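Peer 1: Take this structure, written in structure tokens, and hold onto it; I'll ask about it next.
Just so it is clear, none of the values below were taken in a lab; they were calculated from the coordinates. Keep in mind the model is a prediction, meaning the values are calculated, not measured. Positions of Cβ are generated from backbone atoms using ideal geometry, with glycine treated the same way; all protein chains shown enter the neighbour counts.
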Amino acid sequence: MGISLDTIKKNPGYSVHIVKTAQYKTNTLVLKMKAPLKHETATYRSLLPYILQSNTATYKSTPLLRSYLDELYGASFYVDVAKKGEYQIISFVLEIANEKFLHNSEPLLEKGIAFLADVLFNPNKDGESFDVATFNNEKRSLQQRIQSIYDDKMRYATTRLVEVMCDDEPYGIDASGDVESLGSITKESLYSYYKKALLEDEMDVYVIGDINEVEVHKLIDQHFKLPNREPVRMKSEQKKVSEVKEKIEEMDVKQGKLNIGYRTHIVYGDPEYYALQVFNGIFGGFSHSKLFINVREKASLAYYAASRLESHKGLLMVMSGIESANYDQAVNIIHEQMNDMKQGNFTDEELSQTKAVIKNQLLETVDSARGLVEILYHNVVSGYAVSLEEWLKKTEAITKEEIVAVAQKVELDTIYFMKGTEV
Amino acid sequence: MEKITFEQLQEDIFHEKMTNGLEVFILPKKGFNKSFATFTTKYGSIDNRFIPLGKEDYAKVPDGIAHFLEHKLFEKEDGDVFQQFSKQGASANAFTSFTRTAYLFSSTADFDLNLKTLIDFVQDPYFSEKTVEKEKGIIGQEIKMYDDNPDWRLYFGTIENMYHNHPVKIDIAGTVETIAEITKDLLYECYETFYHPSNMLLFIVGPVEPEEIMEKIRNNQDGKEFQPPQEIKRQFETEPSDVAMKDRTLHMSVQTPKIMLGIKSPDPDLSGQELLKKELTVSILLEMLLGKSSPIHEELYMNGLIDQTFSYDFTQEAGFGFALIGGDTKHPDELTAKLKQILFEAKTGKGISEESMKRVIKKRIGLFLRSLNSPEYIANQFTRYAFNDMNLFDVVPVLEQIEFKDVKATTEKLIDEKFITVCQVLPK
């Protein structure tokens, strides 16, 4: 079984993670920048990577930059902003063909590393500010991106649940930022934030592929020079639920969107985390889970009825799309499934089935270079080094009692329902 | 069993046609944890008028029945097949497109057992009135979920604009009204007609031993009884070449308007190498004109007409084909006018050049290599290509053959006012 592990080298200011594997026809480079999720900086961090990826001082326009990537056999390059627990993480991802599958060998990996460094350290600037046209365009584009969350009602309902549930916690902040803060950002203030982020963010570089480790380290050392820093570590606050919130909002939708949030008080790195994963699998993570069977298959109320974990904040979130008139029935069925979990009303078969599927899911995730990076990055976010073998072994050993103990800790926090106007 | 080798890509494919007509392909992938198998019938939402097996006259079936059948095939007298896959540590799924219904699983252990489960459940239907009625509630919610999704509404709105008669314009899942007409007998009729092994393809990719797997499939198929293969007779009404509607506006609860411009393919009856070349040539044209490395994209972006959601795509299969271009925009009318102008100017040579074509081809080759990392992509695309008499692994050689005069000829033929339509989603 090919389970890849990263070798980690600490450089001044950042860590380099390398996974050498012959599995892919491409090499993947990922740069991650991590900082605490805060209202004052969320929109800055959401805008910044889109400015940096547009152009650089070397490739002064998007067509020039993108033509260069095309020349590198269509290297794929994109950025992403996400939250993990109460951190906001910026990712730059470059996937580039491995030269050994091409007729004309070019040093593509070397060019890729140099390109990523150019994007990060050599922006298209004008004194102490970003290029005005680039700035204005990306600002407008981000505004549309923030607004588009509202346009996709399934996604908007999920966002609303988190906003209502965590209204006084950093986790309630959307990683895309907000339109109001965006209005106050200038090309100068963003540039000074960029300088600050380069000095303070926790930075990690991942290189995955059929590569020569010594050579890659040499190239990274040469292109990525950063000062040392002491990254800020945050422990997500685990809030006790004092009162269950119920929020019903009317919107112009044909289908009601039901989203329910729970607090598990367990995060990645905790001893009970593996039992929590199995708990979620039996409860709602898969198509053999209680939610799917009871809400969809037995009651015929929904097409989707599932749950997922936010591993670094310790939240469990249920989502389902139903007829607005069936709200009470759906909520009751979901409550019954949770009660069954708390009372240990699940079979050994459900338990072993769930373990088998979790194992399969983990192994499948690491079959893609991007999936592998996401699994490995959990360790950076949590500060615990968990190997995939350990993860698999601990999952296998979970008992029914441990799951019931986890279920007992799970507290209902908020029921959010986006109700159709037609009913 | 034959072995087909693709030197440059360092891949081998093993192929065999079973005596009952089933086509089987195996692509061994060393180093992967995951094995992936798709079992696909050449039967999708457009196949709604055909001669049922054993009958003589054409019959029309309700919209959405192929997709409904896909849902119901998972349910058996003794329970749900999803459960069985989970017990065996596999994750199963299925999808229905315009032309195909695919059943699939991925697993990192017990591959042989999971493969047997896949083949056996697809080849052993169990439909009852009770379970058919129950499914109408579930699929009704699936339809409503899509009804609330503005991008899906825009996509189907554009296709509906293009076609007068062709069933590609019908939503794959049907409507709440049409699925109400579905019965267990109708499901059996569709099943018997389209799920004959001679109309199906099994594709396996993963860390597997091809000889061993092929032997198991052979034994499995030889142990089952099937009717002799019979040609499936499908019927499609004549489709005029022009679009049915020039424009359509949908009002939804959105903050940012969306537009999609559709170009209806004027020669939708190509197949094999001709179709492959056509698809790739149009894709190159669109990428050259509108891709992120083009000056036109930069201009649209700088003028605030498009954002990151802007995209373009071309797809064609037997009987239909279209290009779709669009995204979110604050200026829907201006963007529409501008896109039309760009397309017509391309006929005079503006925005396209031999040099940019070469760059785009290079990019497409890289993209193709990258997509070979994904077992899902390989299995799904290989099947789609095979059903249209194309070979996925011909993509690189065909790309290398495309000349600038091909791009110009394609542009000349494709860009015509009568093939163009626009759909908009505007805030209420």
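Peer 1: Where does helix B:404-414 land angle-wise versus the long Cα axis of chain B, in degrees 0 to 90, nearest 10?
Peer 2: Once rounded, the angle reads 90 degrees.
Peer 1: Taking N as the number of residues in the protein assembly as shown, what value does Rg over Cα atoms divided by 2.2 N^0.38 Å take?
Peer 2: The reported ratio for this selection is 0.94.
Peer 1: Hey, got a sec? Which GluC sites (Glu not before Pro) in the stretch A:86-129 land in a DSSP loop and have at most 15 other Cβ atoms within 10 Å?
Peer 2: A:Glu128
Peer 1: Assigning unit charges at the beta carbon (Lys, Arg +1; Asp, Glu -1) and nothing else, what dipole magnitude in debye, to the nearest 20, does chain B show about its Cα centre?
Peer 2: Charge dipole, chain B, about its Cα centre: 1080 debye, nearest 20.
Peer 1: Quote the Stokes-Einstein diffusion coefficient, in whole µm² s⁻¹, for the stretch A:120-204, based on the Kirkwood radius over alpha carbon pairs, a temperature of 10 °C and a viscosity of 1.306 mPa s.
Peer 2: Calculated translational D: 107 µm²/s.
Peer 1: Moving to a separate point now. What dipole magnitude, in Debye to the nearest 20, does the stretch B:2-222 give about its Cα centre under +1 on Lys/Arg Cβ and -1 on Asp/Glu Cβ?
Peer 2: With Lys and Arg at +1 and Asp and Glu at -1, about 280 debye.
Peer 1: Largest first and in whole Å, give the semi-axes of the stretch A:7-223's equivalent ellipsoid, each being the square root of 5 times a Cα gyration tensor eigenvalue.
Peer 2: One finds semi-axes of 31, 20, 17 Å for the stretch A:7-223.
Peer 1: For the stretch B:201-249, run through the trypsin sites (Lys or Arg not before Pro) and keep only the ones in DSSP coil with at most 13 other Cβ atoms within 10 Å of their Cβ.
Peer 2: B:Lys224, B:Lys233, B:Lys246
Peer 1: Provide Rg and Dmax in Å for the stretch B:372-423, with only Cα atoms included in the calculation.
Peer 2: That works out to 15.4, 40 Å for Rg and Dmax.
Peer 1: Report, in degrees rounded to the nearest 10, the 0 to 90 angle that the Cα long axis of helix B:111-122 makes with the longest principal axis of chain B.
Peer 2: The helix B:111-122 is inclined about 80 degrees to chain B.
Peer 1: Ignore the peptide's own chain and count Cβ atoms of other chains within 10 Å of each Cβ in B:74-87; give me the average, rounded.
Peer 2: 4
Peer 1: Follow-up question, since we're still on this one. State to the nearest 20 debye the size of the charge dipole of the protein assembly as shown about its Cα centre, where the only charges are +1 on K and R beta carbons and -1 on D and E beta carbons.
Peer 2: With only Lys, Arg, Asp and Glu charged at Cβ, the dipole is about 1660 debye.
Peer 1: If you split all Cα-Cα distances of chain A into 20 Å bins from zero, what percentages do you get per bin, shortest first?
Peer 2: Bin by bin from 0 Å, the calculated values are 24, 53, 23, 0.
Peer 1: What does the charge count near B:Ile342 come to, summing +1 for each Lys or Arg and -1 for each Asp or Glu among other residues with Cβ under 12 Å from its Cβ?
Peer 2: +2
Peer 1: Using packing as a proxy for protection, rank A:118-126, B:237-245 so that the peptide with the highest average count of other Cβ atoms within 10 Å comes first.
Peer 2: Ranking, from highest mean packing down: A:118-126, B:237-245.
Peer 1: Report, as a whole number in µm² per second, the diffusion coefficient that Stokes-Einstein gives for the stretch B:247-427 at 25 °C and 0.890 mPa s using the Kirkwood radius over alpha carbon pairs.
Peer 2: Translational diffusion coefficient: 143 µm²/s.
Peer 1: Choose one of A:Leu309, A:Thr347, A:Ala325: the residue whose Cα lies farthest towards the positive end of the charge dipole of the protein assembly as shown (beta-carbon charges +1 Lys, Arg; -1 Asp, Glu; about the Cα centre).
Peer 2: Result: A:Leu309, furthest along the dipole toward the positive end.
Peer 1: Excluding same-chain residues fewer than 8 positions from B:Lys246, which lysines have a Cα within less than 18 Å of its Cα?
Peer 2: Within reach: B:Lys169, B:Lys258, B:Lys264, B:Lys338, B:Lys340, B:Lys418.
Peer 1: For the residues B:Phe111, B:Phe68, A:Phe92, what sequence is obtained by ranking on other C-beta atoms within 10 Å, fewest first?
Peer 2: Sorted ascending by nearby Cβ count, the order is A:Phe92, B:Phe111, B:Phe68.
Peer 1: With angles folded into 0 to 90 degrees, how steeply does helix A:369-382 sit against the dominant principal axis of chain A? Use alpha carbons for both and round to 10.
Peer 2: The two axes meet at around 80 degrees.
Peer 1: Kirkwood-based Rg over Rh for the stretch A:354-423 (C-alpha set), two decimals?
Peer 2: Answer for the stretch A:354-423: 1.14.
Peer 1: Can you give me the convex hull volume of the Cα atoms of the stretch B:177-217, divided per residue and expressed in Å³?
Peer 2: In the stretch B:177-217, the Cα convex hull volume per residue is 122 Å³.
Peer 1: Something else now. For a footprinting-style exposure proxy, rank A:Ser300, B:Ser106 by other Cβ within 10 Å, fewest first.
Peer 2: Going from sparsest to densest Cβ surroundings: A:Ser300, B:Ser106.
Peer 1: When you look at the Cβ of every residue in B:26-33, what mean number of other chain Cβ atoms sits within 10 Å?
Peer 2: Other-chain Cβ atoms within 10 Å of each residue's Cβ, averaged: 4.
Peer 1: Kirkwood Rh over Cα pairs of the stretch B:216-346 into Stokes-Einstein at 37 °C, 0.692 mPa s: D in µm²/s?
Peer 2: Reported coefficient: 183 µm²/s.
Peer 1: Which order do A:Leu116, B:Leu335 fall in if you start with the one that has the fewest other Cβ atoms within 10 Å?
Peer 2: Least to most surrounded, the residues fall as A:Leu116, B:Leu335.
Peer 1: Averaging the inverse of every distinct alpha carbon separation and then flipping it gives the Kirkwood radius. What is it for the stretch A:245-420, in angstrom units?
Peer 2: Result for the stretch A:245-420, one decimal place: 16.9 Å.
Peer 1: In the stretch B:3-90, which trypsin sites (Lys or Arg not before Pro) are in a loop and have at most 14 other Cβ atoms within 10 Å, using DSSP for the loop call?
Peer 2: Sparse-neighbourhood loop trypsin sites (Lys or Arg not before Pro): B:Lys30, B:Lys55.
Peer 1: Could you pull the Cα extents of the stretch B:178-269 along its three principal axes, largest to smallest, in whole Å?
Peer 2: Principal axes ranked by extent give 55, 37, 33 Å for the Cα atoms.
Peer 1: Can you list residues from other chains, or at least 5 along the same chain, whose modelled amide H is less than 5 Å from the amide H of B:Gly64?
Peer 2: Excluding prolines and chain starts, which carry no amide H, the hits are B:Gly174.
Peer 1: How large is ³J(HN,Hα), in whole Hz, for each residue of the stretch A:134-148 in order, when computed from phi with the Karplus curve 6.51 cos²θ - 1.76 cosθ + 1.60 and θ = phi - 60°, using x for Gly and Pro?
Peer 2: Values per residue, Gly and Pro as x: 4, 4, 4, 5, 6, 5, 5, 5, 5, 4, 5, 5, 5, 5, 5 Hz.
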